[in-house]
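**Q** My questions will all concern the structure given below.
The values are calculated or read from the model by the stated rules, or taken from the named source; none is laboratory data. The model shown is predicted, which means the values in this text are computed figures rather than measured ones. In this analysis, Cβ positions are derived from the backbone assuming ideal geometry, glycine residues included, and neighbour counts consider all displayed protein chains.
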Amino acid sequence: MAAKIMIVDDNADCRELLAILLGSLGHEIVQAKSGEESLEKAVLEKPDLIIMDMLLPGISGLGTTAKLKQGVETAAIPIVAFSGWAERQFQDRAKQAGIVAFVTKPTSARALHDVIKQFVRSYVDTTAGADLRER
């Protein structure tokens, strides 16, 4: 079973690239360009996983994550930070906000796939044996 994944990033190219990559693995993709938009869409769409950019206009990725973790309907959704900020101190703050994993930009299809398998309980790996190095 494919996962429903929400990609939250203010950079349209980054969102689209992730959508193409994860869509090619069979996942259903929901996109949001801001923290505010993701708060609304998370309740409506009920994604299995959220991939959250940390540097967003308005509410930051950390602030958005904290709000999602406070919501009755969204608290259980695993949120993965997707950011170019790799500093340990920032990663610690992200985990305190409720982030379950931290993926540093740029990344590989394999790294994202591994995160999805780790945090989406309902996900059945349909790519067994597939070569993800090229994706």
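**Q** Quickly run through segment 95-109 and pick out the residues that are modelled with pLDDT of 85 or more and either on the phi > 0 side of the Ramachandran plot or hydrophobic (A, V, I, L, M, F, W, C) (or both).
**A** ALA97, GLY98, ILE99, VAL100, ALA101, PHE102, VAL103
**Q** Residue check: is ILE50 within 11 Å of the chain's Cα centre (by Cα) and over 28 Å from GLU87 (Cα atoms)?
**A** Considered against the rule, which asks whether it is within 11 Å of the chain's Cα centre (by Cα) and over 28 Å from GLU87 (Cα atoms), ILE50 comes out as no.
**Q** I want to confirm something. Restricting to segment 10-22 and keeping residues that are under 20 Å from VAL120 (Cα atoms) and in contact (Cβ under 8 Å) with a residue 40 or more places away in the chain, which single residue is farthest from the chain's Cα centre (by Cα)?
**A** Ranking the qualifying residues of segment 10-22, first place goes to LEU21.
**Q** Further, regarding this structure: Residues to consider are ILE29, ILE79; find the one that is closer than 17 Å to VAL115 by Cβ, touching a strand residue (DSSP E or B) at 6+ places or on another chain (Cβ under 9 Å) and surrounded by 23 or more Cβ atoms within 10 Å (Cβ to Cβ).
**A** ILE79
**Q** Residues in segment 110-126 that are modelled with pLDDT under 65 and either in contact with a Phe, Trp or Tyr (Cβ under 9 Å, 6 or more places away or on another chain) or within 12 Å of LEU49 (Cα to Cα) (or both): how many?
**A** Total meeting the criteria: 2.
**Q** So GLY58 ticks every box in (1) exposed (fewer than 14 other Cβ atoms within 10 Å of the Cβ); (2) on the phi < 0 side of the Ramachandran plot but one. Which box is left unticked?
**A** Tallying (1) exposed (fewer than 14 other Cβ atoms within 10 Å of the Cβ); (2) on the phi < 0 side of the Ramachandran plot, GLY58 fails exactly one: (2).
**Q** Can we say LEU44 is surrounded by fewer than 12 Cβ atoms within 10 Å (Cβ to Cβ), modelled with pLDDT of 90 or more, under 16 Å from MET6 (Cα atoms) and of a type in the set (A, V, I, L, M)? Show your work before the answer.
**A** Working: surrounded by fewer than 12 Cβ atoms within 10 Å (Cβ to Cβ): yes; modelled with pLDDT of 90 or more: yes; under 16 Å from MET6 (Cα atoms): yes; of a type in the set (A, V, I, L, M): yes.
In short, yes.
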